[in-house]
1. What pairs come up if the first residue lies in the range 12-33 and is open to solvent by 100 Å² or more (accessible area, probe 1.4 Å), the second is of a type in the set (A, V, I, L, M) and at pLDDT 85 or above, and their beta carbons are under 7 Å apart, counting only those six or more places apart or on different chains?
2. Testing Phe340 on (1) over 17 Å from Leu253 (Cα atoms); (2) open to solvent by 90 Å² or more (accessible area, probe 1.4 Å); (3) assigned to a helix (DSSP H, G or I), one condition comes back false. Which one is that?
3. Please indicate, with yes or no, whether at least one residue in the range 338-361 is touching a Lys or Arg at 6+ places or on another chain (Cβ under 7 Å), aliphatic (A, V, I, L, M) and at pLDDT 90 or above.
4. Can you tell me which residues in the range 275-325 are touching a residue at least 40 places away in the same chain (Cβ under 8 Å) and farther than 30 Å from Val258 by Cα?
5. Using beta carbons and a limit of 9 Å, which pairs, at least six apart or on different chains, have the first residue in the range 359-378 and open to solvent by 70 Å² or more (accessible area, probe 1.4 Å) and the second one among the β-branched types (Val, Ile, Thr) and outside any helix (DSSP H, G or I)?
6. Kindly indicate which of Ala124, Ala114 is exposed (fewer than 12 other Cβ atoms within 10 Å of the Cβ), at pLDDT 65 or above, at negative phi and in a helix (DSSP H, G or I).
7. Can you tell me which residue is least open to solvent (accessible area, probe 1.4 Å) among those in the range 205-245 that are within 23 Å of Leu352 (Cα to Cα), charged (D, E, K, R) and in contact (Cβ under 8 Å) with a residue 60 or more places away in the chain?
8. Can you pull out every residue in the range 246-259 that is polar (S, T, N, Q) and open to solvent by 10 Å² or more (accessible area, probe 1.4 Å)?
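The values are calculated or read from the model by the stated rules, or taken from the named source; none is laboratory data. None of the values given here were measured: they were computed from a predicted structure. All Cβ positions, even for glycine, are placed from backbone atoms using ideal geometry, and neighbour counts span all protein chains on display. Just so you know, the surface numbers come from the protein's heavy atoms only, side chains and all, with ligands and any DNA or RNA stripped out. Shrake-Rupley method; radii C 1.70, N 1.55, O 1.52, S 1.80 Å.
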Amino acid sequence: MNSFIVTIFLNTLYGLFLCRFKNRREKFVFSKPVAIYCVVVASAFAAFYVRNIYENYINGLLKMRDTVLLYLDMNVGLCLINYVTQWAMTWEVTAFQKTIPIIETLNSFNMDMASIWRIFIVSAIKMWGFPVVVGVVLILQQGRSSLTFSVMRASQTLFPLIVGNQLNNSFFGSVVVAKVVLTACNKELRKVLLEVNMMQTPLQMRLNKPYYRMKRFCELADYLDDLALRYTIAITRSMDYLRLTALSLICSLLINLVGFTVGFFNQYQAIADHFINGKPYDLIYEFTHFVFLLVPFLEIALLARVSNSVVEDTLETGNLLQRFDLQYADVRFRQVVETFWLQQRTIKYKLLPLGVIELNVGLVTKMMSAVTSFLLILIQTDLTLKFSK
């Protein structure tokens, strides 16, 4: 519940969410004061950063060799796209928020502290750990000037990266919640599976009277119905939220693709100029650029890993349902299991933003393959030019 509140608060703070939660009606409603605040925030953001980009262009400071500045400019564009798209989808987002019974669903499970801490750590790394690492590295790189100046410049560079990733972090949070719900569902499903199969052993069938067996099967059928509902909510709501954040995700992936290609090429050029042309190698400067490559890569890898884990959990649910022994089970329980299994087979859990690329473990491989292909072309061209001179 706390993570959900923090996500809504940050979306509103950054000017992306034009609604507020009304306690009396217990739902999100459009708010004119919040909308005015969001417009002011977005206008100030656009005026400050677009002006900086224009001044850098006029002064000739826009260089492809500066990976940090490249990421900053591309993320400023991503933030502006996020503002426009989220405002345009205000009514869709509000309607979606009204249909999410997150609190009730999570509170229906008895979760152990290990699972809660695991969720907290993964979310904190994605939402707070990576920005902190980038901020510290920026301060160290810009620390050649006064401390106040370096902190101010680092904050200016870091802010568009945080705002640009806010929608991605919100979607990541929805995938983490889906992961938590599916893991808890499968855990409870294993308990039901064990009890149902044990009740149909010859010994248990002789010990338990028919009335007790029928009563217990009805209780388990009701519980299985409840699990099926939670399962459906988890996977359908995370896929629905993907539709609202798909454009931001695709733009972020394109930014990372361009950033990876240019950044690794800049690393190559710095090393080649040092060994071939004898130019000095600025270790701190290049290390900062390397961090701006490493952090987006780790973010993509973490998103792909968690998304793929949810897909595996859905498959595990189907496998558990197929392992039920229904030969001597009650008719109603048999129908519930068959309905749950058909539901699991019908709803294909696939995170495919805009139908472009699927979010799974293959995402990292595909992106690095594309980056490698571009790098081979760029490096071959650069080496040809260097040795021809």
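1. Qualifying pairs under 7 Å: Arg20/Val34.
2. (2)
3. Of the residues in the range 338-361, the ones touching a Lys or Arg at 6+ places or on another chain (Cβ under 7 Å) are 357-358, 361.
Cutting the leftovers down to aliphatic (A, V, I, L, M) gives us 357, 361.
Within this subset, residues satisfying the condition of being at pLDDT 90 or above are none.
Within the range 338-361, not a single residue is touching a Lys or Arg at 6+ places or on another chain (Cβ under 7 Å), aliphatic (A, V, I, L, M) and at pLDDT 90 or above.
4. Within the range 275-325, Asp313, Thr314, Glu316, Thr317, Leu320, Leu321, Arg323, Phe324, Asp325 meet the criteria.
5. Correct list of pairs: Lys366/Ile357.
6. Working: Ala124 fails: exposed (fewer than 12 other Cβ atoms within 10 Å of the Cβ).
Exactly one residue qualifies, and that residue is Ala114.
7. Only one residue fits best here, namely Arg230.
8. As a first pass, look at the range 246-259 and keep what is polar (S, T, N, Q): 248, 252, 256.
Those that are polar (S, T, N, Q) and open to solvent by 10 Å² or more (accessible area, probe 1.4 Å): Ser252, Asn256.
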